[in-house]
Structure formats: structure tokens, C-alpha cells
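Novice: Have a look at the structure that comes next, please.
Where a number appears in this text, it was derived from the coordinates with a stated rule and is not lab data. Remember, predicted model here, so these are calculated numbers, not experimental data. Glycine gets a Cβ as well: all are built from the backbone with ideal geometry, and neighbour counts include every protein chain shown.
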Amino acid sequence: MSDDSSLDFPFPHRRSRHHAHAAARHRSWLDRHRALADVAGTAAYGHWEVAELAALSHPTVGPDELALAADMLGFFFLFDDQFDSELGHRPTEVARICDRLTGILHGALPDGSSDVERAFSDLWRRSTLGMPGRWRARAAANWEWYFASHPAEAAGRRSGRIPDREGYLTLRRGTAAMETIFDMLERLGGFTVPQSTFHHPVLRRLRQVAADIPSFSNDVRSYPLEAPRGDVYNIVMIVQRERACPPEEACAVVLAEAQLMIEDYARLLAELPCAFRELELDEEQRGTAQRYADGITAWLAGYLHWERRTGRYRTG
């Protein structure tokens, strides 16, 4: 899609000064997991600018933390893309792959012959270093949600049936992995959000809106790639069916919905200080909670800027 389809996000993006360090470390990580990297091919992957996405979406973290962010983003892209092949139409085989990865979350050792398992085991080990048990349990549950969503997505490709909107949202919120990405804001920043604040309705709604915005925007940009290969979990296809309209009109509707979500996001962000006062947070707790919210805002600003420029969604 062209830049004319970009969303208006009213918060500026920034770029980490550690980009070069993270890019070099990420290249080394890919070299150690060559079979995973080969899913896309070196030339194509370079045009995605994954380290640039990490630098834009995590502008304030340290150099080693930024390298971890780049490796995790690369894993998401490459893991998802392996299912663009015929493998992605075989839900039983997809489930086997995902079940083994889920086992690693609970102490299973990776298969030494599987670059995917070794790569994920490395990410999980590095991601959990120094984090408390409560965070680890939440992070493991969100990773399991992500992995467990892929067999259903494969079943959808196999059946060719376009889901209803609720079914789409239920699955997309798993495959998008946004809760895992937001968990990493705490790990990369070296803090944890107080439990009462993390589950407060305002912050929960803020997090959900922040997770849905990039999914809708991404579905518009990836529609020209996904439609020909039979992917059905795309909101553009659902809107086409709802309105009996052509793809161009459906894309415009989806982007308009995403823009309204951005307005909701800004409103919820403005409500957070009141929520913090009502919870009687002390100064340190307020600072930690605000840092988390600021991290979500920075991630969204960076992602939407990157998405307009990356070669990942180009069809030609």
C-alpha cells in the first residue's frame, strides 16, 4: 500500500542511537540460526529492516536490550512466514511445531536439529533473565497464546472460510503477539508494572486498543500478499463481505476504524493519571506505570513509521 494509506498518529517517533550495535548483533544471531533465517532469504530480509523497527519502537533501551528486541522481532516475522508455504495449510503439523515450542516455556529442551526451537529457546532464556516469577508466568501464558493460535489459522487457510469479525479478533489478537511485545517493554526497560495497575480497566483497554491498531493497519498493507495465498484472517476480507464492496473501499473502511482507535488511545492515555490517583500509587509506582504507557506509545509511533517504509509488504 502507498503512504496515502498511512494513519495519523499524534505522537512523534524517535530512533535509538544503538541501532548499528543492534543490527550487527542481529546479523550474528541470524547466522547462528541459519535455517530460520532462510525462510525469507537474505536479500528479502534485508529490505524488511528489522533492526530499524527495533530502534524505532524501543528508542530508550540499552544496546544489548535493543539487540534482544531485534532478535525477537526477527523471530516473529520468520516464524510466521514459514506458514506462507504449503505447511501453513496443514494444521496438525503446525500444532506439532507449536506444541514443542510451548514445551520450551515449561522446561523442555529444544531439538538440537531444529533451528526454530534453538532460536526460541535462546530468546526465552534471554528474555526471562532477572525477571520476577509473576512476570515470567504472564510472559509464558502470552507466548503460549501466540503459538496456540497458529493451528487455527492454518485450519482457516485450509477451509477457505472467512471468519466473522469476532472470530477474527479472537484469533488475530493471538497471532499478532502484541501482549508478548508489550511484556518485553518491562524486560527491556528493567521494571515491572504493579499488579493492580497492570490490570486496571483503563490500562487494559489502552493495551487492547494499542494491540488492535497495528493489526488493522498491517492487514491493509499485507492484503495484496495474503489474499492470493488463501489467508482468511484479514479484516479487509471481512469488511468486504460485510459491505459487499471492492477491496479498495474495504481498505479505506479498515483504516478509518483504526484512526478512530487512535483517538480512543489518546483519550485513554489522558485518563491514566486519574486512574493512578484513584489507585493511590506512590511516586515510584506512578513513574513505573507511566513508563510502561510511554513505552506502548513509543512502540506504536515507531511501528507505524516503520510500516510505511519497510519492504516487507511490497508486492513488486
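Novice: Using the Cβ atoms and a cut-off under 12 Å, what net charge is assigned to the surroundings of ALA141, where Lys and Arg are +1 and Asp and Glu are -1?
Specialist: Result for the local shell: 0.
Novice: Which value results for Rg/Rh of the range 238-316 when Rg is the Cα radius of gyration and Rh the Kirkwood radius based on the inverse mean 1/r?
Specialist: Rounded to two decimals, Rg over Rh is 1.16.
Novice: How high is the relative contact order of the range 172-316, in percent, counting Cα pairs under 8 Å that sit 6 or more residues apart?
Specialist: Worked out over the range 172-316, it gives 36 percent.
Novice: Let me ask you something else. Local charge sum around VAL236 (other residues, Cβ-Cβ under 9 Å, Lys/Arg +1, Asp/Glu -1)?
Specialist: Combined, the nearby Lys, Arg, Asp and Glu give -2.
Novice: About the Cα centre, and with charges only on the beta carbon of Lys, Arg (+1) and Asp, Glu (-1), how big is the dipole of the chain? Nearest 20 debye, please.
Specialist: 460 debye
Novice: Could you identify which residue out of ILE181, ILE235, ILE97 has the top mean-square fluctuation in a GNM of the chain using Cα springs shorter than 10 Å?
Specialist: Answer for the Gaussian network model of the chain: ILE97.
Novice: Projected area of the chain, taken from the Cα convex hull and averaged over every viewing direction, in nm²?
Specialist: 15.7 nm²
Novice: Quantify how much of the Cα-Cα distance distribution of the range 1-101 extends past 20 Å, in percent.
Specialist: 49 percent
Novice: Counting only other residues whose beta carbon sits under 11 Å from that of PHE198, what net charge do I get with K and R as +1, D and E as -1?
Specialist: Around PHE198, the surrounding residues sum to +2.
Novice: Computed FRET efficiency, Cβ-Cβ of HIS199 and ILE162, R0 22 Å: what is it to the nearest 0.05?
Specialist: Here the calculated transfer efficiency is 0.05.
Novice: Then there's this: Step by step: find N for the range 1-60, compute 2.2 N^0.38 Å, then divide the Cα radius of gyration by it. What's the final number?
Specialist: 1.36
Novice: Now a separate question. For the range 249-316 and the range 1-74, what is the centre-to-centre distance using only Cα atoms, to the nearest Å?
Specialist: Each part reduced to its Cα centre gives a spacing of 19 Å.
Novice: Report the normalised scattering of the range 106-154 as log10 I(q)/I(0) at q = 0.17 Å⁻¹, calculated by the Debye formula with identical scatterers on the alpha carbons.
Specialist: -0.60
Novice: Can I ask one more? Using packing as a proxy for protection, rank 36-47, 69-80 so that the peptide with the highest average count of other Cβ atoms within 10 Å comes first.
Specialist: Most protected by this proxy first, the peptides run 69-80, 36-47.
Novice: Work out how far the C-alpha atoms of the range 180-295 reach from end to end along every principal axis, then list the three figures in whole Å, largest first.
Specialist: Sorted largest first, the three principal extents are 53, 26, 17 Å.
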